[in-house]
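Coordinate-derived values only; no laboratory data. These numbers come from a predicted model, not from an experiment. Neighbour counts run over all protein chains shown; Cβ positions are idealised from the backbone, glycine included.
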Amino acid sequence: MCGIVGYVGGKNAQDFLISGLKRLEYRGYDSAGIVTLDENGEATLLRAKGKISNLEEKLAKNKREDKIGIGHTRWATHGEPSEINAHPHQAGDIYLVHNGIIENYKELREHLTEHEFKSQTDTEVLAALVNSFYGNGKYPLVNAVVQALKLVKGTYGIAVLSTKNPDEIVVARSGSPLVIGVGTGETLIASDASALVGHTKQAIYLNDGEVARITKDSVEIKTLNAEPVSAKVEEIETNLAAIQKGGYEHFLLKEIMEQPKSLAETLRGRVNLEQGVVHLGGPGLSEQELRKIKHLIIVGCGTAYHAGLLASYYIEQFTPEITVETVIASEYRYRNAYIPENSVALIVSQSGETADTLACLREIKKQGTKTIGIVNAIGSTIAREVDGGTYVHVGPEISVASTKAFTSQVMAMVMFGLTIAQAKGAKPGSLKLYVEEIAKMPEMIEKTLKDVEGEVKKAAEKYKKYEHAIYLGRDTAYPTAMEGALKLKEISYVDANAYAFGELKHGPLALIDDRFFEVALVPEGPLYDKAISNVQEVLARGGHMLVITDTDFNLPVDDVIKISGELKIFSPILMNLVSQLFAYYMTVAKGYNVDQPRNLAKSVTVE
Ligand code: AGP
């Protein structure tokens, strides 16, 4: 997703803009740019294709002491990655940066005959549209922005400034986040609060349909219909250490290794071991509302979807009287799905900004169904639009590949399921094993990571020659296999896909040959013997198999990575740690970009 930063105050604007854009790099981008104004409105526009370091080379020859500016990292949607398509875009006296998609930009462009278009972007159309209402400074910039936005169809987070008025920035949002940092004698803006950390702890999260005019010591918010909005200043939770690598070579390894701590944060104050119960306050559902639940719909994309699928298996185990359905947001939003009475929707999203998941949330709310967020990013759009919710509190997840969020999302949803079971009168003690294992998870994660890291690194070296991989599992090991395959494919670019073990004979078995290696997740349990016979089917066809298990394993597979068998229920979540490390070390072995894989962004805020 693209990144926006802005500054107006007493310090050097160029410095903040560059450091702010670097904080947002992890979200994925292909070009960047900044524009600053001196006190006379003289503009210095710098843009570069590729990494921010290319922009810094230009900056070195164009240092200014300007005190106001805006900046942007672009992830191309309209127009290829290039300097000319990079933001900020200029039209007359104004400069504009934009996250999102202007769906009706082509028809708007046809009417903007005064403007000589240089780029292929929808954003330049928006800049020209604002300028067409600006009248060379005859009208207030904020009015010109409002007039323009009233004609726009699509999503936007924008920041606009004008050479005519070098002490104000206008920002607006609809569908793409923007946060305003309130400092002392300075005001900052960003599309993600992590860019503000270290500068201020006071933040105003703009809502859809709001426009703000900011100066170094004022923030004035209105709706597009000119209704004044009182600014709600909130505390930014993140600290600097949380968004730096803390001595690790990559954010991904840091985030894998901090899972004992991050899960402990998720569980904090929510697990009562003595009584063998959990307590999840966030969802805001009364005991009676919990008792009435008959159907759960769990919605997410990618890893969030896998977390929901895995959680659904667990929830079914201890709430037999409710049905649980997990859906892919980008599919579900366009289906004409009937949502039965007494349903609750769990909306799962690390970033809280995923466009398809947000659209699903809005569709589901239209049907009057209660929506509960399982979200990490505090103050994110999904977190603000659900009826209730639980923050997973894993801290910023910087690496594009989601790891610590997955583990905590699963456990948060399991705790929500247990809360329902408790409200429905589960026999005292019947959930004790679940609660005991949940309480044990942080230490078991720590032990597993320590036990397996060396072996996994060696295995990654051995299997890096393969271009194709098959992940296999049954029951709770099947969604876990799906998540393992996604991790491997999205950062090491190995063509990895997951299948339910029982599906092998229905087609995938035909794939087995020397092009492939297989990763089989085989936990101890009632389906262990079934998985063993599936493993034998693969071996009989010459498979090259790495088995991840929590028990003794004696078949002649290529490699076995054994984790502790202490957990009977949540062992697949520990097995997923092996998959996370395997994907990490495979990518390092291949020399690819671990934290910012090609073509991907940390938060997919466009369809
Ligand atoms: C997972 O590693 C990917 N980065 C991606 O599938 C991600 O899980 C998906 O885009 C959903 O993101 P969200 O949790 O922020 O909504």
Loop trypsin sites (Lys or Arg not before Pro), the range 526-607, which have at most 16 other Cβ atoms in a 10 Å radius of their Cβ (DSSP): ARG541, LYS568, ARG598
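Based on the Kirkwood radius over alpha-carbon pairs, what value in µm²/s does the Stokes-Einstein equation return for the translational diffusion coefficient of the chain at 20 °C and 1.002 mPa s? Spell out each step's value before the answer.
Details: Rh = 25.4 Å.
Estimated diffusion coefficient is 84 µm²/s.
Using 0.36 nm times the number of residues separating SER53 and HIS295, minus their current alpha carbon distance, what extension gain do you get?
Contour length minus the Cα-Cα distance gives 82.1 nm.
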Inter-centroid distance (Cα atoms) of the range 140-195 relative to the range 370-396, Å: 24
Helix-derived mean residue ellipticity, 222 nm - over the chain, DSSP H n ≥ 4, -39500 (n - 2.57), to 500: -11000 deg cm²/dmol
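To the nearest whole percent, what portion of all C-alpha pairs in the range 42-82 is separated by more than 16 angstrom?
Values: 350 of 820 pairs.
Percentage above 16 Å: 43.
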All lysines inside 18 Å of LYS464 as judged from Cα atoms, apart from same-chain residues fewer than 8 positions distant: LYS487, LYS489, LYS590
Relative contact order (%) - the chain, alpha-carbon pairs under 8 angstrom, separation at least six: 12
Using alpha-carbon coordinates, inclination of helix 571-590 to the longest axis of the chain, degrees: 60
DSSP-loop GluC sites (Glu not before Pro) across the range 303-352, with at most 11 other Cβ within 10 angstrom: GLU321, GLU341
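Compute the FRET efficiency between LYS61 and ASP15 as 1/(1 + (r/R0)^6), taking r as their Cβ-Cβ distance and R0 = 25 Å, and round to the nearest 0.05. Before the final figure, lay out the partial values.
Details: r = 16 Å, r/R0 = 0.63.
After rounding to 0.05, the efficiency reads 0.95.
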Close Lys-Lys pairs in the range 3-160, where close means Cα under 13 Å and separation is 8 or more or interchain: 4
GLU455-ILE84 FRET efficiency (beta carbon distance; Förster radius 60 Å; 0.05 resolution): 0.75
Selection from ILE297, ALA500, PHE318 lying farthest towards where the dipole of the chain points positive, charges on Cβ: ILE297
Dipole of the range 294-424, positive end: most advanced residue of VAL327, VAL344, PRO396 [Cβ charges, Cα centre]: VAL344
DSSP-assigned coil residues among GluC sites (Glu not before Pro) in the range 468-571, each with at most 16 further Cβ atoms within 10 Å: GLU524, GLU566
Listed residues ALA426, MET444, PRO228: farthest to the positive end of the dipole of the chain (Cβ charges): PRO228
